[in-house]
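The values are calculated or read from the model by the stated rules, or taken from the named source; none is laboratory data. Note that the coordinates shown come from a computational prediction; the quantities given were computed from them, not determined experimentally. Quick reminder, even Gly has a Cβ in these numbers, built from the backbone with ideal geometry, and neighbours come from all protein chains shown. What goes into the accessible areas is simple: the full protein's heavy atoms, side chains included, and nothing from ligands, DNA or RNA. Shrake-Rupley method; radii C 1.70, N 1.55, O 1.52, S 1.80 Å.
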Amino acid sequence: CLKSCPHRAVRVNARLPWQGMLARDKWEPSVAVFAIIFIGSVLALKIPAWEYSGLVFGERIDIFTGMAQPVRDMAFPLLIMVLVAALMLLCSGFPWTKRWKQNLFPACHAYLFLAFAGFLNIYLNEFVRNGHNLLPWIVAMCGLEKFITPAWVTPELRTLRMLIPLITLAGSFLSFLMLRALSRKNILSRGVGMAHQALMLVISVVLIVIL
């Protein structure tokens, strides 16, 4: 299109990811709710399954003793999501200021970068752990074991684990820049911005540890 349009009407408008968000006049509550659920779901999925000293964290911290197993499996992740939502509300000034909604809606947009990084790392982590079985499985399914030794097509993927913290740091860096830009445009006050930066730092550290 760029080459064939005679009127040069098609142009590439390259810009930083958060510039489109900052240009908004109205911050949508639905996006803020999505961001809270998104980052909370990532943490709720990985924290209970995190292995520490040979034990799964969800089994080590068993605060729902006496409940049925299906209820316990749902209660701990739900508690994590509620805790994340409560911390975001507190960082936005709830219940001390009436502007907590005006603070919460734009601030939650900044967490999207970190949430997407954590979401991507969940699948990357699974690929690093089990991806080496993919090509041998295809060879076995096609009945080619006599011609292709599985060891020949088994890749070494453990070095890709280095990408997981780097992706988390990249998402965290973009989220920090977004929060800083919101503070510079006076969309967020300095105190609210610093509170969300502290929470974002804690979430980033947790994601690096559990992933």
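Observations, loosely collected:
- Note on R158 and E51: the model spin-label points, each 7 Å out from Cα along the C-beta direction, lie 1.3 nm apart.
- Carbon + sulfur, % of accessible area of segment 99-164 - ligands and nucleic acids excluded, 1.4 Å: 69 percent
- Highest average first, the peptides 159-167, 82-90 ordered by how many other beta carbon atoms sit within 10 Å of their residues are 82-90, 159-167.
- Computed label-point distance, nm, for sites F119 and V209 using a 7 Å Cα→Cβ extension: 2.5 nm
- Rolling a 1.4 Å probe across the protein heavy atoms gives segment 147-211 an accessible surface of 59 Å² per residue.
- Cα gyration tensor, segment 77-211 - rounded (a/c under 1.5), prolate or oblate: prolate
- Packing-based ranking, highest mean first, of 132-139, 197-204, 33-40 given that Cβ atoms within 10 Å are counted: 33-40, 197-204, 132-139
- Geometric extent, Cα atoms of segment 82-150 - Rg, Dmax (angstrom): 23.0, 72
- When you restrict to C-alpha pairs under 8 Å that are six or more residues apart and normalise by the size of segment 116-196, the relative contact order lands at 33 percent.
- Sequence-distant lysines (8 or more away, or on other chains) whose Cα lies within less than 18 Å of K185: K26, K101
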